[in-house]
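Only one structure is covered here, and it is reproduced in the block below.
The values are calculated or read from the model by the stated rules, or taken from the named source; none is laboratory data. What you are looking at is a predicted structure, and each value in this text was computed from that prediction instead of being measured. Neighbour counts run over all protein chains shown; Cβ positions are idealised from the backbone, glycine included. Just so you know, the surface numbers come from the protein's heavy atoms only, side chains and all, with ligands and any DNA or RNA stripped out. Shrake-Rupley method; radii C 1.70, N 1.55, O 1.52, S 1.80 Å.
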Amino acid sequence: MDFMQILALVIPAAIYAAAPLILTGLGGLFSERSGVVNIGLEGLMVIGAFTGIVVTLTLEGMGFGGSSVWLAMLAAVMIGAAFSLFHAVASITFRADQIVSGVALNFLAVGLSVFLIRLMYGKGQTDYIRNRIYRFDVPVLSDIPIIGPLFFSNVYITSYIAILFAIVVYFVVFYTPFGLRLRSVGEHPMAADTMGINVVRMRYIGVMLSGAFAGLGGAVFAVTVSGNFSGTTIVGQGFMALAALIFGKWNPLGVLGAALFFGLAQALSITGAQIPLLANVPSVFLLTAPYVLTILALAGFVGRAEGPKAIGKPYVKGSR
Amino acid sequence: MKKLLPKNKLISLAVPLIAVLLGILIGAIVMLFTGYNPVLGYSALLAGIFSDTYYIGETIRTMTPLILSGLAVAFAFRTGLFNIGVEGQVIVGWLASVYVGIVLELPKLIHLPVAILAGALAGALWGFIPGILKARFQVHEVIVTIMMNYIALYTANYLIRAFLLVPGERTEAISKSASLASPFLQSLTDYSRLHYGFIVALLGCVVMWFILWKTSKGFELRAVGFNQHASQYSGMNVKKNIVLAMVISGGFAGVAGAMEGLGTYGYMSILSGFTGVGFDGIAVALLGANTGVGVLLASFLFGGLQIGALNMQSKAGVPVELIDIVIALIIFFVASSYIIRWVMNRIKKEGI
Amino acid sequence: MSYVIEMNNIRKEFPGIVANDNITLQVKKGEVHALLGENGAGKSTLMNVLFGLYQPEQGEIVVRGEKVKITDPNVANNLGIGMVHQHFMLVDKFTVTENIILGNEPKKFGRINIKKAAKEVEEISNRYGLKVDPYAKIENISVGMQQRVEILKTLYRGADILILDEPTAVLTPQEIQELISIMKTLVNEGKSIILITHKLKEIMAVCDRCTVIRRGKGIGTVDVSDTNPDKLAAMMVGREVNFSVEKGPANPKETVLRIKNLTVNDSRGVTAVNNLSLDLKAGEIIGLAGVDGNGQSELIEAITGLRKAESGIVSLNGKDVTNFKPRKVTESGLGHIPEDRHKHGLVLDFTIGENIVLQTYYHKPYSKNGILNHHEIYKKARSLIEDFDVRTPSEYTLARALSGGNQQKAIIAREVDRSPDFLIAAQPTRGLDVGAIESIHRRLVMERDKGRAVLLMSLELDEILNVSDRIAVMYEGEIVDIVDADQTNERELGLLMAGGKKEKEGKAR
Amino acid sequence: AGEEAPATDEEAAPGGGAVEATDFTVGMVTDVGGIDDKSFNQSSWEGLSLFGSEFGLEEGTDYRYLQSGDMAEFEPNLRTLVREDVDLVWGIGFLMEDAIRTIAQQVEDAQLAIVDSVVADEDGVPLANVANITFKEHEGSFLVGVAAGLQTTGNKVGFIGGVEGSLIKKFENGFKAGVKAVNPDAEVIVQYAESFNNPDRGSQIANTMYSQGADIIYHAAGDTGNGLFTEAINRARNGENVWAIGVDRDQHEEGVFGDDGQSVTLTSMVKRVDRAVYLVSERTMNGDFPGGEVLEFGLDDEAVGIAPSQDNMSEEALQAVQDYQAQIQGGDISVPQTDEEYEEYLSSL
Ligand SMILES: Nc1ncnc2c1ncn2[C@@H]1O[C@H](COP(=O)(O)OP(=O)(O)OP(=O)(O)O)[C@@H](O)[C@H]1O
Ligand SMILES: Nc1ncnc2c1ncn2[C@@H]1O[C@H](COP(=O)(O)OP(=O)(O)OP(=O)(O)O)[C@@H](O)[C@H]1O
Ligand SMILES: [Mg+2]
Ligand SMILES: [Mg+2]
C-alpha cells in the first residue's frame, strides 16, 4: 500500500469511528458544563443504541424502508433525553452523588435494555437491521485530488452531522445567553442563582441534552457500526467519550479533536496490521496505542484538564 | 444532641436496607408487568442462594473478588481518588499471580503467599501509573484509569498468547502449591468452587480499616484526600501520598485478581472482554459506604444476587438481567439517601 | 418619614437554631444604614431573606410602602434590590462584563452582544467611579475590582437599594477609602444602602443610622451621630469591650528568625520578594504591614517551606532552614496560623481532634511505630478545646460544622500548643467579630510574653498598630522601613505602604 | 454434498419420526453468545430442539439450555444441570473444557459432552464420562478456499479470524490450502480481530483488505464476522464486485442487500453442530453414550461442507468443490490444520 492509500483508508475510518464519540462527548459536555458529572454516558449510549435498533426493526417491519433509521435516530434522541431524567432526578433533585448515580444508570441501561430485548424478541440480541446507513462519495467534492479521497469519499453522512454538531455546540456554549447561563451554573451556581437563573432547571436541561446527544451517539453507532443490538454492542464507547470530553477540556472543538484522535488511533490499530511498516509490530502495541497515546498526551502536552468548578456538587440553595 | 445520636445511627443503617428493599420491590413490579411471577422468581432467587450448601459456597466464592475490588474502590474514595481502573488492576493481578503460580516451584507455605503478593504488586503497579501521573502532572485519574483498563486487557491477552498459551485459550494450570482451592471446602459445599480466598478477602477488610483508621500513614492518606493544601501545609508529602493511595488501592484490586487466578480458576484465560469484577467493585464500595464491613455486606448482596439469578433463570424463567436492574435500582436509592432520610424524618416528625 | 424598606418581625429558623428572631429593620430612602452584630448574629441571614434567597417563617417585608413577597432573587431584582454578598458571587472564569450581564444578556441574532454590553458596563462604571476593565477575567483582577464588579452587577440591573455584606473585610485601606467614596456617590444619586460591617470606624464614617442585632434578636436602631464606637460595641456584645490590647513593653532577647537577602518568585514566576532581610527576636511581635499583594504571602510561604526561595537564607534559631520541607521547618520550631483557614488551616472533613494533631499526628504520644493512639489524640483535643474556649459540641465534631471564629481558635490552639519558638500569624482575625478578635490578640501577646517571636501579618492597620512591637512595612517585595509601633501612626504607615519612603508616586499595586 | 438441507428439515433426523415420550433429559450450557448468536450456540440449540421435538420431549423440563453471562458462569451452569441429574449435559465451546473436566472428575456418574474440544485428564487420556465432539473444519474451509481461489479476479483473498488459537487455525490453514490448490499465485491476507464479538473491528479489517485489492474474504470470527458483511454490502452497493464467505451456518441472509435479494455471500462453510448434537443425544438416549470417545465429524458425516445457497458460485467452482471433496474423502488430499502442516502442504504442491 502506498502512503496515500493508507491515508485514504485510515482517515475516513477515523472519522467514522469518531462520530459516536463526538456526539456522546458533546452530550457529556452539556451535562458537565452545567455542573453534573456524567459517568452515565455509557448507559445513555446503550439506551440510544437499543432504541435505534428496536425502532428501526419495527419500522422496517411496518414497511418504512430507508427512512426507518432516521426516524429511529430521532427516537433515540428523545428516549435518551427521557432516560437521562433518571440521572437528573437522582443527582439534582435527590442530591445523589453524581458519580454513583451515573454508575447506577450504566447498570440500569444494560439490564433494562437486554431484559426488554428478551421480552420482545425472546432472545438476547436483535436481528440485524436491513436498512443501514451506508457510505457514499460526496458528489463533486470526492473528485478533488488528495482531499477528495481523504475526506469526501467513502464517508457516512452521520460523520458530517457529528462534526457539524460540534461546531454548533461550540457556538451555543460560548456565544449565546443559554451557553453563558449553562456555564455559570457549572462554575458558580449560587452566583447564577442570585442573578435570577434557575439553577435546577439549567441542570435538568444540561443533563437531558446529554441524554439526547448520547442517545444519538449510541444510535449512530448502532446503525452504522454494529447493525444489531445486544448487551455487548456498547462496551466502553461511553467511557471513551468521557475521556474525549476531558481530553478536549470540556470544549466542543476539543471534544471533536479528541474524538478524531481516538478514532485515528483505533483505525491505525486495525489497519496497521496490513501496513508494511507496522505489520511486524506485535498487535498489542497497535491495540493499546489509542489508550497509551491518550495517557501520554494528557501527561505531556495537554497537561492539566480543569473541569467546571462546581462540578459534582449538588446545589443546595443557601448552603455555603 | 446526645439523645439524637443513636437515632441518627439508626437512620444511617436503615437507609441501605430501605434502598435494598425498594430495589427488590421495583424488581417485583417489573416482573409483574412483564408477565413473570415475582413470588416464584424471588423464591427461586433465594433458593439459589441459600437452599443448598453448594449455592452458599458459590455465593461466597463470587463474593471473594468482589470484596477485594470493592475495598480497592473504597480505599481510593477514602483518599479522595476515584479508581475506575480496578478492572484493569484485577486483570494484571490475575495474570501475575497465575504466572508466579506456574513458573515457580516452592513449598506451599511460601509459594501461595508469593503468588498472592505477585498479584498485589501487579495491581499496585497498575495503580502506580495513574497515581504518579496525577501527582506529577495533575492528570485526571479517571481517564487514565479507564485507559489503563484497556491496556491491561489487551496486554494480558497478548502476554498469555505469546508466552503462556496452552490449548483452551488459556494458560496452563498453576501448581498445587500456589492454589487456594480446597477439596475440603469443596466437599463441604457439594463441589462448589469455594476456596480459601475468602479468608484473604476478610483479612483485606481488616487491613483496609487498620491502614486508614489506625495508622499515621492512613491519617495522612485521608488528609490528603480531603484537603491537599492543608496536608502540604502540615508537612505531608502530598504527591507521595497520592501515589501511595493508588498503589494500595491497586494492590487490593490485584489481590482480587489473584483470587480468580489462584482460587476460582487456577489459570487465566484469554479474556474476550472485561471481567466485570472491577466495575462491580464500584457498586459494592458505594453500597458499602466505603467501609470494610459495608463492603463485606454489599458484596454478599451482590454475590448472592448474581448466583441466585442463575437459579431464577433456570427455575422461574426470569432473565438474569432482572437482577442487573435490581442492582441498579439499589445503587440509585443508596445514592439518593438524602431523599430517604428526608422522608423518614418527615414520617418521624408527623408521627410524634 | 417613609421607609424604602421595612422588614417587620422577621423570623428565620435553621435546623436547631433561630437565626432571626422577630427582627425589625427599617431603612430610609437615601441613607446608609449599618447592620451590626457579632459573628453569627444573623445579619447575613436577614439580608438573604430580603434578597429572596431564604423564605422567612414569619414577618412581612414592605418595599416603598407596598407589602411584597420576595420568593427569589429575581423578585428582589425587580424590586430594585441588589446585594453584594459576603462571599463574592462571581464566576472566576468569566469576564467582568459576562458576570455583570449574566441572566440579562443583550442579544443580537441569538448571540450575546458582548460589545454593547461592555459599553454599557463602561458607562455605568464611569458614572459612579467604579473603575473596572470590562474584558478582564475575574480570576485575574484584584479583590477590590471584584468588589466593584459586584456593585456594578446590582447597578446594571437598576437597583436603587443596595445591600453590602461585609464589603470591607477583604479590602486594603486604600480600597476601603475608595469604597466609602463610592457609597457616598451612590447615596447622592438617591440610592439607599444597607451596610454590614464589623468595623465600627466605618460605621462612624459613612452611616446615617445603625441597627444592632445580637444572637438573632434586634437590639435597637440608633442615629450614628448620637453614638460612638464604644457604645455600639457594647450594644453589640452586651458588655463593655476593650479595644486597645493590654500589653506591657516588649522584652526582646536573642534573634530567633533571621532572613538574609531572600528572593522569592510568585506562582507566575515574577519576583514577589526581592532581596529581603529581616531579623526577629524572641519576646517581640513584628507586624508585617503592607497592601495586599506586595509579597507578604510569598514571604511567609518561603519561610514556612511552602514556596521555594530563589536565593537568600532563612535561618531559625541559628539553623539554616532555607528551602526545607514544611515539616522540617515546623520541627525546627515554627508555628504557623495560615492566612486561609479553610484552604490551609484545616481539613474540614476531619474531626476537631484530628485537626488538633494535624502537625503532630506522627509523634509520640499520638502515634507509635506508625500506629495512631486515638485515646491520646482526643485527650489532647479535649484539653485544648477547654483551654482555648473552642465552642464545639465535642472533639469528634467535624471541623466543617464549626463557625469561623471557632475554627480559627482551634488552629491557634494547635499551633500555640506546640510551643514554637517562632509563631507566624497571618491575618488571624479576618472576618471575626470584636469579641473573637480581642481574645486572639490577647493570646498573641501572651505568647510574646512567654518569650516567643511572633510575626503578625495583617492588612488591618489597627491590628498591626495595637498588637505589634515593631512594624515592618512591605512594598513591592521589599521592606521599606521598620518602625516602632508606639512611635508611628496610621498616616505614616499608609504612606510607607504606598512606597512613600522610596519617594515613589502612584498606586500601590 | 452441497444439496443437504439444514437440520431443521425432517430428513436430517435419523430417528425418523418415531415419536414417543421418554423420561430422558438433556440440557446444554451456552457460551456468552446465547442461542441466537447465528453461530454454534444457535446451531447446537437447533439440534437439541429438533431432537427434543422428534422424541416428544418437553422444552424447559426435558430439554433446555442455560445461558452463561460470562466465563465465570460456565461451571455453575453446568453443575446446575448435573445436580439436577440431567441425563446428558452439553457444554458448547472449547472454553468450557476446564469446567467440564472439573465436574466430570468430581461427579463420576454424570454424562457430559463438549463441542470443539477434547477433555482429557492429566495424562492426556480422555475422561470416560465425557463425549468429545470435534469437527474437521479445515476440510470444509478447504472447499470454500477452492471456491475463493477460482472466483477471485485479482488473485487476492482475505481471511479474518476471531481469536488466534488452534481451532481457528484449522479454518485458516484449510482455507489457504484450498486457495493454493487451485490458484497457487493467489495471495491470502490473514488478520485476526482478537475478538469474536466485535463487528466494528471486523468491518474495519474487511475494509482494509478490500482496499488492498482482496475481492473475497472468508471469516471465522463469530459475531465479529458480521462486520465483514456490513463492509461487503457497503461496497457492493457502491458497485464494487466483492464477496464474503460465511462460516458455521449458511450466511446467505447476512449478505443480502438491495431490493432484489442479491447477496454478497459467495458461499458459507457450514459446520453442523446441530447434527452432532442431535446424533450424540440420540445415541445417549439409546444407552450408547460415547463417553471417552473423540468423535470427529467431517465431510464423511456431512457435518462440514459448503452451504446450500450456491447462486453466486460459478459452475466451475461448484464442480471443483465436488472434485476436491471427493479427493479429500478418498484420502488423496490431507488438509493441513496447523501452520506446520500448511508449510508441508505448500512444499508438496
Ligand atoms: N450550611 C450550613 N448547614 C448547617 N449548619 C451551618 C451551615 N452553615 C453554618 N452552619 C452553622 O452555623 C454556625 C455558625 O456559622 P457561621 O459560618 O455563620 O459562623 P460565623 O457567623 O462566622 O461565626 P464566628 O463568630 O465563629 O465566626 C456554625 O455552628 C455552623 O454549624
Ligand atoms: N444555611 C444555614 N444553615 C443552617 N444554619 C445557618 C445557615 N446560615 C446561617 N445559619 C445560622 O444562622 C446564624 C446567623 O448566621 P448569619 O450568617 O446570618 O450570621 P452573620 O450575622 O452574618 O455572621 P457573620 O458576621 O459571621 O457574617 C448563624 O449562627 C448560623 O448558625
Ligand atoms: Mg462569619
Ligand atoms: Mg454574615
>> Pairs please, first residue from region C:161-182 and away from chain A (no Cβ under 14 Å), second anywhere and hydroxyl-bearing (Ser, Thr, Tyr) and within 16 Å of ligand 3 (Cβ to nearest atom), Cβ atoms under 7 Å, 6+ apart in sequence or on different chains.
In response: C:Thr168/C:Thr197; C:Ile176/C:Thr168; C:Leu179/C:Thr168
> For region D:113-154, which residues satisfy the criterion of being farther than 24 Å from D:Ile333 by Cα, surrounded by 24 or more Cβ atoms within 10 Å (Cβ to Cβ) and touching a residue at least 60 places away in the same chain (Cβ under 8 Å)?
Replying inline: D:Ala113, D:Val115, D:Val130, D:Ala131, D:Asn132
> When you go through (1) within 14 Å of chain B (Cβ to nearest Cβ); (2) assigned to a loop (DSSP other than H, G, I, E, B); (3) within 30 Å of C:Gln177 (Cα to Cα) one by one for C:Val245, which number turns out not to apply?
Replying inline: (1)
> Is there a residue being away from ligand 2 (no atom under 16 Å from the Cβ), at the interface with chain B (Cβ under 10 Å from one of its Cβ atoms) and either at pLDDT below 90 or under 27 Å from C:Ala289 (Cβ atoms) (or both) anywhere in region C:412-428?
Replying inline: yes
> Only one of (1) under 22 Å from the mean Cα position of the chain (by Cα); (2) farther than 27 Å from B:His195 by Cα fails for B:Ala115. Which number is that?
Replying inline: (2)
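Need at least 3 residues that are over 28 Å from C:Thr45 (Cα atoms) per element, so show me which helices (runs of 4 or more DSSP H) inside region C:69-166 make the cut, counting only ones lying wholly within it. Working first, answer last.
On the way: elements: C:73-78, C:96-101, C:114-128, C:143-156.
Passing ranges, in order: C:114-128.
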>> Regarding region D:260-277, can at least one residue be identified that is under 22 Å from D:Arg201 (Cα atoms) and among the acidic types (Asp, Glu)?
In response: no
>> I need every pair where a residue in region C:25-50 that is over 19 Å from C:Asp160 (Cα atoms) has its Cβ under 6 Å from the Cβ of a residue that is more than 13 Å from ligand 2 (Cβ to nearest atom), sequence separation at least 6 or different chains.
In response: C:Leu36/C:Cys210
> Within region A:107-115, is even one residue under 13 Å from A:Gly218 (Cα atoms) and either of a type in the set (Phe, Trp, Tyr) or open to solvent by 10 Å² or more (accessible area, probe 1.4 Å) (or both)?
Replying inline: yes
>> I'd like to know if region D:223-234 contains one or more residues that are of a type in the set (Phe, Trp, Tyr), touching a residue at least 12 places away in the same chain (Cβ under 8 Å), crowded, with 24+ Cβ neighbours inside 10 Å and not in a loop (DSSP other than H, G, I, E, B).
In response: yes
>> Given the criteria under 30 Å from A:Leu287 (Cα atoms), in contact with a Leu (Cβ under 8 Å, 6 or more places away or on another chain) and open to solvent by 10 Å² or more (accessible area, probe 1.4 Å), does B:Ala118 qualify?
In response: no
> If you take the residues in region A:270-299 that are within 18 Å of A:Met240 (Cβ to Cβ) and more than 7 Å from chain B (Cβ to nearest Cβ), which one is most open to solvent (accessible area, probe 1.4 Å)?
Replying inline: A:Leu296
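Can you list the helices (runs of 4 or more DSSP H) found entirely within region A:79-197 that contain at least 3 residues being aromatic (Phe, Trp, Tyr) and touching a Pro at 6+ places or on another chain (Cβ under 9 Å)? First the steps, then the outcome.
On the way: elements: A:98-121, A:157-175, A:177-187, A:189-194.
Helices (runs of 4 or more DSSP H) meeting the threshold: A:157-175.
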> How many residues, within region D:218-243, are within 12 Å of D:Gly202 (Cα to Cα), out of contact with any His (no Cβ under 6 Å at 6 or more places or on another chain) and not polar (S, T, N, Q)?
Replying inline: 10
> If we keep just the residues of region A:308-320 that are at pLDDT 75 or above and open to solvent by less than 20 Å² (accessible area, probe 1.4 Å), which is nearest to ligand 4 (Cβ to nearest atom)?
Replying inline: A:Ala310
> Given the conditions (1) within 14 Å of another protein chain (Cβ to nearest Cβ); (2) open to solvent by 10 Å² or more (accessible area, probe 1.4 Å); (3) free of Cβ contacts under 8 Å to residues at least 24 places away in the same chain; (4) away from ligand 1 (no atom under 16 Å from the Cβ), and given that C:Lys69 satisfies all but one, which numbered condition is not satisfied?
Replying inline: (1)
>> I'd like the full set of residues that are buried (at least 19 other Cβ atoms within 10 Å of the Cβ) and either part of a strand (DSSP E or B) or free of Cβ contacts under 8 Å to residues at least 24 places away in the same chain (or both), limited to region D:259-294.
In response: D:Ser263, D:Thr265, D:Leu266, D:Thr267, D:Ser268, D:Met269, D:Val270, D:Lys271
>> Looking only at region B:279-300, count every residue that is open to solvent by 10 Å² or more (accessible area, probe 1.4 Å) and not in a helix (DSSP H, G or I) and tell me the total.
In response: 3
> Any idea which of (1) within 16 Å of ligand 2 (Cβ to nearest atom); (2) open to solvent by 40 Å² or more (accessible area, probe 1.4 Å); (3) under 25 Å from the mean Cα position of the chain (by Cα); (4) more than 20 Å from C:Arg443 (Cβ to Cβ) is the one C:Asp349 doesn't satisfy?
Replying inline: (1)
> When region C:18-49 is examined, which residues are found to be in contact with a helix residue (DSSP H, G or I) (Cβ under 7 Å, 6 or more places away or on another chain) and either within 14 Å of chain A (Cβ to nearest Cβ) or within 16 Å of ligand 4 (Cβ to nearest atom) (or both)?
Replying inline: C:Ala19, C:Asn20, C:Ile23, C:Leu25, C:Ala34, C:Leu35, C:Leu36, C:Gly37, C:Glu38, C:Asn39
> So which residues in region B:317-349 are under 14 Å from A:Phe115 (Cβ atoms), small (Gly, Ala, Ser) and in a helix (DSSP H, G or I), if there are any at all?
Replying inline: B:Ala328
>> Taking the criterion of being within 14 Å of chain A (Cβ to nearest Cβ), open to solvent by 20 Å² or more (accessible area, probe 1.4 Å), part of a loop (DSSP other than H, G, I, E, B) and touching a residue at least 24 places away in the same chain (Cβ under 8 Å), would at least one residue in region D:64-85 satisfy it?
In response: yes
> If you take the residues of region C:15-44 that are away from ligand 3 (no atom under 16 Å from the Cβ) and of a type in the set (S, T, N, Q), which of them is most open to solvent (accessible area, probe 1.4 Å)?
Replying inline: C:Asn22
> Can you spot a residue in region D:87-95 that is within 8 Å of another protein chain (Cβ to nearest Cβ), open to solvent by 30 Å² or more (accessible area, probe 1.4 Å) and closer than 25 Å to A:Thr232 by Cβ?
Replying inline: yes
>> Going by what's in this entry, would C:Glu447 be described as in a helix (DSSP H, G or I), within 14 Å of another protein chain (Cβ to nearest Cβ), of a type in the set (Asp, Glu) and more than 16 Å from ligand 2 (Cβ to nearest atom)?
In response: no
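Kindly indicate which of C:Asp389, C:Asp349 is in contact with a Leu (Cβ under 9 Å, 6 or more places away or on another chain) and away from ligand 3 (no atom under 16 Å from the Cβ).
Details: C:Asp389 fails: in contact with a Leu (Cβ under 9 Å, 6 or more places away or on another chain).
The unique qualifying residue is C:Asp349.
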